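The structure appears right after this line, and notes come after that.
Rule-based calculations on the coordinates, nothing more; no lab input. Owing to the predicted nature of the structure, the values given are computational and were not obtained by experimental measurement. Note: ideal-geometry Cβ built from the backbone for every residue, glycine included; neighbour counts use all protein chains shown.
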Amino acid sequence: MFILVNLKAYPCDPIEVATAARDVAEDSDVRIAVSPQAADLRRVADTGVETWAQHVDPNDYGSHTGSTLAESVSEAGAAGTLVNHSEKRMKLADIDGSVRAAERAGLETCVCANNPAQIGAVAALGPDSVAVEPPELIGGDDSVASADPDIVRDAVEAAANVDEDVEVFCGAGISTGDDVAAAGDLGATGILLASGVAKADDPRAALEDLVEPL
Ligand SMILES: O=C(CO)COP(=O)(O)O
């Protein structure tokens, strides 16, 4: 199971979370990555934790002021990137462009989508993984795996119908090891979570709980 901690724009200490995630990953042998703000990528990567960007733009080098260039993200130490997060939605053509840009820069890709139909569409773009995150459950207390298990099962099926090589993750409301285990039972091979760690009083304890059943 892969655990990706998306720090969004939460006012947490990215280095505290990154250091804890690195240590918990080492101790548990569970793959854990941290996805900070773009400006924090290098500092986070320097802790040694696997580091992901929250977004890259479709553009290449050139006159693209304000863009997040995949090559710069890679240079800063990121190993992968989210694309089309529910809070950073893109047109299909731009999702395709961002996946291609990420590949060009050697970044692993996870394309997010709201529902199984969208999962099928973005799986067709050939990312390494897709993640289903129902927007209404994001940031809440109810885990997608218990509040809407069918959306996870259906997303796994939708992706497999298009491309069996694309991994399927899920996210929204996940905060405990039991939630992670339940997501795995539904066929997800990774989870995305944010508030359960970024807003925790003790991010290290939250991470230890997440990996406990794995
Ligand atoms: O959007 C998410 C991860 O990318 C999920 O957020 P929460 O874990 O806060 O529900």
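Quick notes on this structure:
- In segment 5-30, the residues that are touching a strand residue (DSSP E or B) at 6+ places or on another chain (Cβ under 7 Å), under 14 Å from T51 (Cα atoms) and away from the ligand (no atom under 16 Å from the Cβ): A18, A25
- Count of segment 170-207 residues which are within 23 Å of E16 (Cα to Cα), touching a residue at least 24 places away in the same chain (Cβ under 8 Å) and away from the ligand (no atom under 15 Å from the Cβ): 1
- Residue pairs meeting the criteria (Cβ under 8 Å; at least 6 apart or on separate chains; first touching a residue at least 24 places away in the same chain (Cβ under 8 Å), in segment 121-142; second assigned to a loop (DSSP other than H, G, I, E, B) and hydroxyl-bearing (S, T, Y)): S129/T189; E133/S86; P135/S86; L137/S143; I138/S86; D141/S175
- For segment 45-54, the criterion of being surrounded by fewer than 18 Cβ atoms within 10 Å (Cβ to Cβ), free of Cβ contacts under 8 Å to residues at least 40 places away in the same chain and within 16 Å of the ligand (Cβ to nearest atom) is satisfied by no residue at all.
- Inclusion of A39 among residues that are away from the ligand (no atom under 16 Å from the Cβ), in a helix (DSSP H, G or I) and touching a strand residue (DSSP E or B) at 6+ places or on another chain (Cβ under 8 Å) is not warranted.
- Within segment 1-40, if we keep just the residues that are over 21 Å from T109 (Cα atoms) and hydroxyl-bearing (S, T, Y), the residue that is surrounded by the most Cβ atoms within 10 Å (Cβ to Cβ) turns out to be T19.
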